[in-house]
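Readers should treat all values here as calculations from the given coordinates under stated rules, not as data from a laboratory. This structure is a prediction, so every number in the text was calculated from the model and none was measured. Counting neighbours? That spans all protein chains shown, and the Cβs are built from the backbone with ideal geometry, glycine included.
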Amino acid sequence: MNKFNEATPGSRVGEWAPYSYNIGTGCQNICKYCYGRDIALQFGGISDRAQWVHEKVHHSKLDISEKADGIVMFPSMHDVNDNNLIAYMTTLKNILEAGNSVLIVSKPRLNCIQSICDSSNDYKDQILFRFTIGSLNEDVCKFWEPGAPNPQARIAALKHAFDAGYQTSVSAEPMLEGYREAITLYDTLEPYVTDTIWFGKMDDIDDRVDVTNPADKAAVKYIRDFQSDANIRLLYDSLKDRSKVRWKMSLRKVVGI
Ligand code: SF4
């Protein structure tokens, strides 16, 4: 029988949900900082980083009827796209029918979010969308997340879910630019968010990002400089009183909260 994964309290997933679930391996978003790829490398899901782009759906995982005692993050280590949409929606319905609340985390594709919204009206109160938007700059997103939808498309999906009456939230983790851009991001997206907007730094940047290419090396330096402790404190001081802002551990450590 399939079971949800229990998250370690305080871990990347555990900061958001006590449980997670995935039905696939691999992700065509190919984010340069992907943590899921490294976990798959470590635990045998793939044998080299280049394989991560080849998505596989594990159909045996669609059937799940467990009722968890807390919200389930689904997915946490892949995304939802045309390759897995039917499998994803089938699984989502099973999880919702069992009475669970679900945190849907995605770099969203509008058509997928429309399909999920259209087919989940009876479970609206059990769903919280969390869309990852680390920058509003199309070129910056394309550099770091070359296979993911551009930020404008993600904002369209956010607006769609908001207008359809779903609970919505945003993850700017990892932030892909500096504190000024992060403040603009908050101000731009806040009107379409019913829940929270999370900020976090790019964790374990040395392990995650391959810097053999000079452009990637320069981009890592840019992230380090613009997310210096001093700049993170400026971001915190600017947004700390906004009601929807939330800080991930990577950032709380810097400001001491
Ligand atoms: S969306 Fe998530 S799982 Fe997919 S490549 Fe990016 S970080 Fe990895």
For region 1-139, rounded, prolate or oblate, judged on the Cα gyration tensor with a ≥ b ≥ c (square roots of eigenvalues), a/c < 1.5 rounded, else prolate if a/b > b/c?
-> rounded
Least to most buried among S106, S76 (fewest other Cβ within 10 Å first) = S76, S106
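Percent relative contact order of the chain, based on C-alpha pairs within less than 8 angstrom and at least six residues apart? Don't skip to the answer; put the middle values down first.
Working: 457 pairs, mean separation 40.8, N = 257.
The normalised contact order for the chain reaches 16 percent.
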Answer in debye to the nearest 20: the dipole magnitude of the chain about its Cα centre, from +1 Lys/Arg and -1 Asp/Glu charges placed on Cβ, is 240
Round to a whole angstrom and tell me the spacing of the C-alpha centers of region 195-257 and region 86-142.
-> 25
How are the C-alpha pair distances of region 110-250 spread across 10 Å bins, as whole percents from the shortest bin up?
-> 11, 40, 32, 14, 2, 0
Karplus-derived HN-Hα couplings along region 121-128 (A = 6.51, B = -1.76, C = 1.60, θ = phi - 60°), whole Hz, x at Gly and Pro = 4, 6, 10, 3, 6, 9, 10, 10
Return one number: the angle in degrees, 0 to 90 and rounded to the nearest 10, between the long axis of the Cα atoms of helix 85-97 and the longest principal axis of the Cα atoms of the chain.
-> 70
Principal axis lengths of region 93-168 from Cα atoms, whole Å, largest first?
-> 40, 21, 16
Helix 229-239 vs. the chain, principal-axis angle (Cα, 0 to 90°, nearest 10) | 60
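Dipole size in debye (nearest 20) for region 1-108 around its Cα centre, Lys and Arg Cβ +1, Asp and Glu Cβ -1? Can you show the working numbers first?
Working: 10 positive and 11 negative charges, 39 e Å.
That gives a dipole near 180 debye.
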Gain upon complete extension [K67, V211; 0.36 nm per residue less C-alpha separation] = 47.6 nm
Between I232, V254, S243, whose Cα lies farthest towards the positive end of the dipole of region 192-257 when Lys and Arg beta carbons carry +1 and Asp and Glu beta carbons carry -1, centred on the Cα centre?
-> S243
With point charges of +1 on the Cβ of Lys and Arg and -1 on the Cβ of Asp and Glu, referenced to the Cα centre of the chain, which listed residue (C141, L110, F162) lies farthest in the positive direction of the dipole?
-> C141
With Cα atoms, 0 to 90° folded angle of helix 179-189 axis to the chain main axis | 40
Rounded to whole Hz, the Karplus (6.51, -1.76, 1.60) HN-Hα couplings of region 193-199, x for glycine and proline = 10, 8, 10, 9, 10, 9, 10
Residues S250, S135, sorted so that the one with the fewest Cβ neighbours within 10 Å comes first = S250, S135
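With both partners inside the chain, how many of the DSSP beta bridges are antiparallel, as a percent to the nearest 5? Provide the component values of the computation, followed by the final result.
Numbers: 4 of 24 bridges.
Around 15 percent antiparallel, to the nearest 5.
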Taking other Cβ within 10 Å of each residue's Cβ, how do H58, H78, H160 sort, fewest first?
-> H58, H160, H78
Orientation-averaged projected area, Cα convex hull of the chain (nm²) = 12.9
Most fluctuating residue given options G147, G99, G44, as computed from a GNM of the chain linking Cα atoms under 10 Å | G44
Given S120, G24, L62, which one lies farthest toward the positive end of the charge dipole of the chain, if we put +1 on the Cβ of every Lys and Arg and -1 on the Cβ of every Asp and Glu?
-> G24
